[in-house]
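The values are calculated or read from the model by the stated rules, or taken from the named source; none is laboratory data. Treat the numbers as computed from the prediction; the structure is a model and nothing was measured. Because the Cβ atoms are built from the backbone with ideal geometry, glycine has one as well, and the counts that use them run over all protein chains shown. These accessible areas exclude ligands, DNA and RNA; they are computed on the full protein's heavy atoms, side chains included. Shrake-Rupley method; radii C 1.70, N 1.55, O 1.52, S 1.80 Å.
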Amino acid sequence: VHGAVTGNFATRIPWIQDHTGITAGQLGLALAFPAIGASLAMPLAGRISHRFGARTALRGLLALWTLALALPALSPSLYALCPALLAYGASAGMSDVAMNALGVETEDRLGKPIMSGLHGMWSVGALLGSAAGTVAAHAGADARLHLAGAALVLTVLGALACQGVLDLRRAPDEHPPPRFTLPPKSALVIGAIGFCAVFAEGASLDWSAVYLRDELGTDAGLAAASTTAFACTMALARLAGDKVVARFGAVRTVRTSGVLATAGGLLIVAAPHPVAAMGGFALVGLGIAVVVPLAFAAAARSGPAPSQAIAGVATITYASGLIAPSAIGGIAQATSLTMSFVMVTVLAFGLIAGARVLRVPGRTAAVSGEAADLEPR
């Protein structure tokens, strides 16, 4: 459900730009507000869950997110669009933190890894939402009607789904988490791994088609297929990732993922032919797929305040997703788009070097298929 909101919205951005009459630069400014809203609001998710219980909190936060889907299309100008996107991002971030905290708790109780599969379902939702949005856009549907209808349907589906989640409640004498606080140091270190993966994701999603068109002279149809290849391999790898993590552990899995992503980056940079570059983007998608789910899981188990740690990691990854597209464009403007993906390749290599921070000592490490002392340091 969460992913389907993102997919529907992304397909109607051109309609929203035309409706508000804003320039490309103004649209870029407006699209920074979801990340700003998410970063500001995510630390509140833990306090809300503490007060209302995990199930009620998630039900309410997810409903805010699905209903917020209607807001951007209803905005008549840039001045209305920016606060609408701020609210859109804030509800996205809070529901994201609440879902991941519940996901980690469920994973612990089941005694087997499930986080990659949960994030895989987000990717499936995003693909289905974008497909629905594409159909609506192709049919010339008014985005106000399309997004309002999608918001209502997804709100109902979200409420039904929330009936089955764990209803965790804190002890009455437990102090509530602070409203705003800096992320713990453990979250910052783990967040750096997430930063590398999300940077590569944002760069590939936003620039893969442009890369094939401008650097390799590919036609628009084949260039667009590179984005599809990336998204599909990432979704499939997430759905299958839990079995890999259960077999090899989080650290070995991320190291191998880093090798695949680095190889994909090198293939993109050195590609003499569009098909080779498409293969490179597919490898990058395959390599980074499980990193963020494992980073959230490691953050939740790194200290006594799971929601706070997840919010810290999520803030860093959201920031990476915000920075990546503009950073790639800036480097391309100063040098070339090929050099931009050299930097992506270097960050992908960082997954190999930094994978060890995802090791979690004690009983919870066994959930991800590894004992703390069984893996070479």
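At a 1.4 Å probe radius, which order do Tyr79, Tyr211 fall into by accessible area, largest first?
From most exposed to least exposed: Tyr79, Tyr211.
Please give the peptides 346-357, 158-169, 274-285 ranked by average Cβ packing (other Cβ atoms within 10 Å per residue), highest first, as a rough proxy for protection.
Most protected by this proxy first, the peptides run 274-285, 346-357, 158-169.
Counting only helical runs of four or more DSSP H residues, what would the 222 nm mean residue ellipticity of the chain come to if each run contributes -39,500 (n - 2.57) and the total is spread over all its residues?
Result for the chain: -26000 deg cm²/dmol, rounded to the nearest 500.
What FRET efficiency would be calculated for the residue pair Asp167, Asp18, taking the C-beta separation as r and a Förster radius of 56 Å, to the nearest 0.05?
0.80
With the contact rule set at Cα under 8 Å and sequence spacing of 6 or more, what percent relative contact order holds for region 1-165?
The value is 44 percent.
Pick from Ser77, Ser49, Ser123 the residue whose mean-square fluctuation is largest in a GNM of the chain, springs joining Cα atoms under 10 Å.
Between Ser77, Ser49, Ser123, it is Ser77 that shows the largest mean-square fluctuation.
How much length would be gained if the chain were fully extended between Ala10 and His273, taking 0.36 nm per residue of separation minus their Cα-Cα distance, in nm to one decimal?
Stretched fully, the Ala10-His273 segment lengthens by 91.7 nm.
In a Gaussian network model over the chain where Cα atoms closer than 10 Å are linked, find which of Met121, Met94, Met42 has the largest mean-square fluctuation.
Met121
Expressed in whole Å with the largest first, what are the equivalent ellipsoid semi-axes of region 1-120 derived from the C-alpha gyration tensor as the square root of 5 times each eigenvalue?
The answer is 30, 15, 11 Å, longest axis first.
Report the relative contact order of region 184-361, percent, no decimals, based on alpha-carbon pairs under 8 angstrom and at least 6 residues apart.
39 percent
With all protein chains present, how much of the accessible area of the chain (probe radius 1.4 Å) comes from carbon and sulfur, to the nearest whole percent?
C and S atoms contribute 69 percent here.
What percent does the relative contact order of the chain come to when contacts are Cα pairs within less than 8 Å and at least six residues apart?
Relative CO of the chain lands at 24 percent.
At 0.36 nm per residue, minus the direct Cα-Cα distance, what do Leu222 and Ala32 gain on full extension? Give it in nm, one decimal, please.
65.5 nm
Express the accessible area of the chain per residue in Å², computed with a 1.4 Å probe while the remaining protein chains stay in the model.
Here the per-residue accessible area is 43 Å².
For the chain, with a Gaussian network of springs between Cα atoms less than 10 Å apart, report the residue from Ser336, Ser226, Ser116 with the top mean-square fluctuation.
Top of the fluctuation ranking is Ser336.
Each label point is 7 Å from the Cα along the Cα-to-Cβ direction; what then is the distance between the points at Ala159 and Val210, in nm?
Between Ala159 and Val210, the simple spin-label model gives 4.1 nm.
Can you work out the FRET efficiency for the pair Val346 and Ala137, with r the C-beta to C-beta distance and R0 = 45 Å, to the nearest 0.05?
For Val346 and Ala137, the calculated efficiency is 0.80.
Can you pull the three principal axis extents for the Cα set of the chain, in Å, largest first?
59, 48, 31
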